[in-house]
1. Could you list, ordered by first residue, the pairs with Cβ atoms under 8 Å in which the first is in region B:55-66 and over 17 Å from B:Met107 (Cβ atoms) and in a helix (DSSP H, G or I) and the second is of a type in the set (Asp, Glu) and modelled with pLDDT of 95 or more, at least 6 apart or interchain?
2. For A:Ala111, indicate whether it is crowded, with 23+ Cβ neighbours inside 10 Å, in contact (Cβ under 8 Å) with a residue 40 or more places away in the chain and either more than 24 Å from B:Cys114 (Cβ to Cβ) or of a type in the set (Gly, Ala, Ser) (or both).
3. Taking A:Ala67, is it within 14 Å of another protein chain (Cβ to nearest Cβ), touching a strand residue (DSSP E or B) at 6+ places or on another chain (Cβ under 6 Å) and buried (at least 16 other Cβ atoms within 10 Å of the Cβ)?
4. Does A:Leu134 satisfy the criteria of being touching a residue at least 40 places away in the same chain (Cβ under 8 Å) and in contact with a strand residue (DSSP E or B) (Cβ under 7 Å, 6 or more places away or on another chain)?
5. Determine whether region A:86-109 contains at least one residue that is of a type in the set (Lys, Arg) and within 13 Å of chain B (Cβ to nearest Cβ).
6. Name the single residue, out of those in region B:109-139 being surrounded by fewer than 16 Cβ atoms within 10 Å (Cβ to Cβ) and in contact with a helix residue (DSSP H, G or I) (Cβ under 8 Å, 6 or more places away or on another chain), that is farthest from the other protein chains (Cβ to nearest Cβ).
7. Please work out which one of (1) in a helix (DSSP H, G or I); (2) surrounded by 15 or more Cβ atoms within 10 Å (Cβ to Cβ); (3) not small (Gly, Ala, Ser) is the condition B:Val44 fails and give its number.
8. Has region B:59-68 got any residue that is within 14 Å of chain A (Cβ to nearest Cβ), closer than 21 Å to A:Gly156 by Cβ and surrounded by 14 or more Cβ atoms within 10 Å (Cβ to Cβ)?
Amino acid sequence: MRLYLVRHGKAEFGPEDADRLLSPRGRTDIEAMAQHLRAQEISVARVVHSTLARARETAEIFAAQIAPGVEIQERGGLEPWGNVKSFAKLAETWTEDTVVCGHEPFMGEAASYLMTGNAHAGLVDVKTGTVMTLARNPYGDGWQMRWMLKPRLVRGPKMVED
Amino acid sequence: MKLYLVQHGEALSKDENPKRPLSKKGLADVVKMAEFLFEADIAVDELVHSGKPRAEETANVLSKTVWLGKAAVQMDGLGPNDDLDHLYNAAEAAGGDIMAVGHLPFMAKMVARCLTGREDGAAVAFEPGAIVCLERTEEGAWALNWMQKPSMLVAV
């Protein structure tokens, strides 16, 4: 079972944090990343996202590329302030490949927790649009990082905001 | 400052060739990785290898796109079971980005040591040709920046 932890793309500024949508650049990044996964013939059975609009939009773009016919699910607890341990328990129950769209610092803490048992180990540097792919460690407890990419690596040369 | 840790590409077995150069698949995989680095616009300031043919060949292919095609330099202490300190200390002191091509289990232990302080503190799934990019923050802590491997570049 593969767990794809995705941080939402760059978002527009707005008065209400929960309603902020992806910026044009954020959409370009997420589309590039989703297309890259599709080109590697990756598909998933489940796509979940936090209650915030920028994560929902990110999930929609991923679902369109790598989860055709799958209905995306909103789920509380994946927000920046989400509880990493509860999430890890939930992830342990999943048996099908799943994309999870959320936020920092939650996603980085979740990856650190799954890999080491310490949410604050600071293992990963999670830029917007980053995809971290984890799987259960075949040689021991916990999870291992399979691969991790950020939009800049699949989209080409540096841009102003990188 | 970035540290790129690379496992050499797939090599011939001892029976096929006692020097164990890259296999045809190993070479093709490393070329794919070099193309990936080229498209991603990545360059390094130093490119070192363990001295074993499979690591040297891998390093010299990657050099084409990340180090102006210069001949990669052999560095001591990058053998499969060598102590991590030599590279670890070199990376801590480095002024620029380093790419080191070597072997398992050394590379996996190095990633874990940088990220957690312990050789067995965290697992990343290496495979022949895989590259792990670690970045050291201004506070001196290492974090995983990205990792890529040939099996993730099947259908480019």
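1. Close Cβ pairs (under 8 Å, with a partner that is of a type in the set (Asp, Glu) and modelled with pLDDT of 95 or more) amount to B:Thr65/B:Glu35.
2. Yes.
3. So A:Ala67 fails the test.
4. So A:Leu134 passes the test.
5. The answer is no, given that none of the residues of region A:86-109 is of a type in the set (Lys, Arg) and within 13 Å of chain B (Cβ to nearest Cβ).
6. B:Glu119
7. Against the list (1) in a helix (DSSP H, G or I); (2) surrounded by 15 or more Cβ atoms within 10 Å (Cβ to Cβ); (3) not small (Gly, Ala, Ser), B:Val44 comes up short only on (1).
8. Yes, region B:59-68 contains a residue that is within 14 Å of chain A (Cβ to nearest Cβ), closer than 21 Å to A:Gly156 by Cβ and surrounded by 14 or more Cβ atoms within 10 Å (Cβ to Cβ).
The values are calculated or read from the model by the stated rules, or taken from the named source; none is laboratory data. From a predicted model like this one, the values you see are computed outputs, not experimental measurements. All Cβ positions, glycine included, derive from the backbone under ideal geometry; neighbour counts span all protein chains shown.
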